[in-house]
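Here is the structure we will look at, set down as structure tokens.
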Amino acid sequence: MPTLKRPDDAPTVELPPRQAVLAGDTDVLVVGGGPAGLGAALGAVQAGARVILAERYGFLGGNATAALVMPLMSFHTQMPTKERRGATTLLPTDHGPGEAVVGGVLATLLTRLVGVGGAIPPTLATGYVVPFDPEWFKLVALDLLDEAGVQLLFHAFASGILGDNKVEGVVFETKSGPLAIRAKVTVDCTGDADVAVQAGTPTEVGRIDGLVQPMTLMFRMAEFHRAAFEQYVKDNPAQWRGVHGLWDLVRKATEAGELKLPREDILFFATPHEGEVSVNSTRVTRVLGTDVWDLSYAEWMSRRQMRQIAEFLRRYVPGFEKSYVMQSGVNVGVRETRRIVGDYQLTADDVLSARKFDDAIARGAYPVDIHNPTGTGTILKRLPPGEAYDIPLRSLMPRNAEGLVVAGRCISGTHEAHSSYRVMPIVMATGQAAGVTAALAARCGARPRQLAVKDVQHELLRQGASLRKELLKAA
């Protein structure tokens, strides 16, 4: 690989001290403009706070847009499923759809996306996932924040914090040099717990051996002819299951030396555009997204896998004969890095038993979904039909850090639980809860963990978030 090699016991270089320009002062600072950050910013501003959102890219959406993680996975309770041959989605049975367990900011975003033709609403026809266009996602997210009065700072990478015993703001690296933003409460929506780590919060990484779920570079293929592909599936029903398959063709290409992948099948999804699919089939194992050397290798390897897969599809799969890669992610998609150690750690048993919590601030119903950290295979464990689990506010509270709330895939949970709550609809729900918590704490000058959870729940319900009916009555 033509990149710098990882230094082995290399000497450190002493740098002169630097000063950061104070660029802003606010009630709530949201670090990261992905789904969690969007939820946090809109949740905080609806709760009456002045909000600044800082984002490392020049656009919003995080993994939804930068990494092309398409579609939004189902945020409905699971009903018994069956597969429709020839389709590119799993479809529920005639028992009907389950209950939507995420609302609030997600519902607002989807209403706007669907209204401009940037997404297909979750229905029986989509298998209750949401195919969306990433460019419309960027624009709609920007409109929502502009209309809400959220101030934005793009091209800003969080590199340090203000304060000692309490997080009082964040320092960002920018083209204009280091900038600091002071805030009464900060919300870490970086996905990697970058701010929490700077504040001294302990974290965990991956499963018990430290390995994490693999990285995937997603890409969009154009000039896909659906009718030809569906005819192939009709003629070869054992070779396609909803959104993945082609096992015999993968095996044939692998034996011919034309395909070298650490997975046994091809996975792709429909998009809002008839002649396009979103391909989720590259897999880079034994790499960590908080290690720049691993990230460099993953970018290098995944793009070479993408080229192999695109050529495989054109050469072997009916419907792809004239297809081409129209777009790949700005960066490789990272499923898992750090998870904070919070006041409560959500577990696989909590998820799979659909556990309920008195301090619930969000819900999830997505299965435990673990892509093998070492190679082929994926573990999928569903919740009981019609059930959802609660996410407690305590899982958003980082230990050893005040003035800080965490949201998104780096909240406090185990490797197994994380594989469920990492998906974007749930991430947006925890973001909205974190933003509300931060806004209420900033308003009354309290520490976030000192708030009465009923106050947080009441405001979330006012904003249209989805919580259990029992909590609705109590709040």
Inset, instruction - On a 0 to 90° scale, report how tilted helix 226-235 is relative to the longest principal axis of the chain, with both axes built from alpha carbons and the result rounded to the nearest 10. - result: 60 degrees
Legend entry - Mean shadow area of segment 116-239 over all directions, Cα convex hull, nm²: 13.8 nm²
Inset, instruction - Express in whole angstrom the spacing between the alpha-carbon centres of segment 1-52 and segment 177-208. - result: 8 Å
Legend entry - Residue order, fewest to most beta carbons within 10 Å, for Lys234, Lys184, Lys381: Lys234, Lys381, Lys184
Inset, instruction - Quick one: check the C-alpha center-to-center distance for segment 401-468 versus segment 229-284, whole angstrom. - result: 38 Å
Inset, instruction - Provide the descending list of Cα extents for segment 220-334 along its principal axes, expressed in whole angstroms. - result: 45, 33, 22
Legend entry - Cα pair distances of the chain binned at 10 Å [whole percent]: 4, 20, 31, 26, 13, 4, 0
Inset, instruction - Could you line up Asp146, Asp369 from fewest to most neighbouring Cβ atoms inside 10 Å? - result: Asp146, Asp369
Inset, instruction - Quickly work out the Asp248-to-Tyr324 label distance, labels modelled 7 Å from Cα along the C-beta direction, and quote it in nm with one decimal. - result: 3.2 nm
Inset, instruction - State the Cα centre-to-centre distance between segment 311-380 and segment 131-169 in whole Å. - result: 23 Å
Inset, instruction - Between Ala452 and Glu135, take the C-beta separation as r, use R0 = 51 Å, and let me know the FRET efficiency to the nearest 0.05. - result: 0.75
Legend entry - Within-14-Å neighbourhood charge of Ala388 [Cβ basis; K, R +1; D, E -1]: +1
Inset, instruction - In nm, give the distance between the simple-model label positions of Arg303 and Asp146, each being 7 Å from the Cα along the Cα-to-Cβ direction. - result: 3.2 nm
Inset, instruction - Beta carbons within 10 angstrom, averaged per residue: use that to sort the peptides 202-209, 244-251, highest first. - result: 244-251, 202-209
Inset, instruction - Order by neighbour count: Trp136, Trp300, Trp240, fewest other Cβ atoms within 10 Å first, most last. - result: Trp300, Trp136, Trp240
Legend entry - When each of Lys5/Lys252; Lys184/Lys356; Lys260/Lys381; Lys138/Lys469; Lys260/Lys322 is checked by Cα-Cα distance, pairs over 24 Å: Lys5/Lys252; Lys184/Lys356; Lys260/Lys381; Lys138/Lys469
Legend entry - Computed magnitude of the charge dipole of segment 116-189 (debye, nearest 20; Cβ of K, R +1, Cβ of D, E -1): 200 debye
Legend entry - Inter-probe distance in nm under a simple model that places probes 7 Å from Cα toward Cβ, at Asp25 and Glu258: 6.6 nm
Inset, instruction - Order the peptides 355-361, 68-74, 165-171 from the highest to the lowest mean number of other Cβ atoms within 10 Å of their residues. - result: 68-74, 165-171, 355-361
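No lab work stands behind these numbers, since they all come straight from the coordinates. Because the structure is predicted, anything quoted here is derived from the model rather than measured. We place every Cβ from the backbone using ideal geometry, glycine too, and count neighbours over all the protein chains shown.
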